């Protein structure tokens, strides 16, 4: 979001980022965003540094978790927007699939990291195909998505955006590298080298995914 690199996210930068991903912030929402950000702008700099932003984000996520406890809160589909940020190693878009996973095994303890291989593949398709249909044996449902190649270079690179509509809370989204024949989250590459998606859903839902490094 911090497009000018000054270490501060302003309401305008936040709104510009959200609007660029399709989550439009109109005038009323912008005024609310300004009011909310101002409450966390402890140094009156007219923007949020990383610590102020993190505190606000934690509060947003906490409120979202609380909302999920009510009737229908965790049973409603939502939209998630994922944007590639800070990537230095690019990869062909055509090498990747979006996979929608169901029925992941139960964790054995709090530190148990469930592998995507421990889930059932409900639906999958190429990253640019735009939709994937769930196996009718599981349920009849179509996931729709759009991949926006920001610079038109045919590679997954900075500012590229993936928007998924009508994603259900119990569905896990993973990117699969068909060239490497593995999920990107299980790549052998070190975390520091991985390009990645950062995500916003109407400044409420956070979702992340990583893209593996390429050939050499």
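The values are calculated or read from the model by the stated rules, or taken from the named source; none is laboratory data. This structure is a prediction, so every number in the text was calculated from the model and none was measured. Don't worry about glycine lacking a Cβ; one is built from the backbone with ideal geometry, like all the others, and counts go over all protein chains shown.
For region 1-20: of the residues being within 18 Å of the chain's Cα centre (by Cα) and touching a residue at least 40 places away in the same chain (Cβ under 8 Å), which is nearest to residue 47 (Cα to Cα)?
Applying the filter and picking the extreme gives 14.
Just give me the residues in region 2-43 being part of a loop (DSSP other than H, G, I, E, B) and at pLDDT 85 or above, in sequence order.
2, 3, 4, 5, 6, 7, 8, 10, 41, 42, 43, listed by residue number.
Quick one: residue 124 ticks every box in (1) over 19 Å from the mean Cα position of the chain (by Cα); (2) within 29 Å of residue 18 (Cα to Cα) except a single one, so which number is it?
(1) is the only condition that residue 124 fails.
Scan region 105-156 for residues that are assigned to a loop (DSSP other than H, G, I, E, B), in contact with a strand residue (DSSP E or B) (Cβ under 6 Å, 6 or more places away or on another chain) and buried (at least 16 other Cβ atoms within 10 Å of the Cβ) and report the count.
Total satisfying the criteria: 4.
Looking at region 128-150, can you tell me whether even one residue there is under 18 Å from residue 92 (Cα atoms) and modelled with pLDDT under 85?
yes
Hey, among the residues in region 21-37 that are touching a residue at least 60 places away in the same chain (Cβ under 8 Å) and surrounded by 17 or more Cβ atoms within 10 Å (Cβ to Cβ), which one's nearest to residue 146 (Cα to Cα)?
Applying the filter and picking the extreme gives 21.
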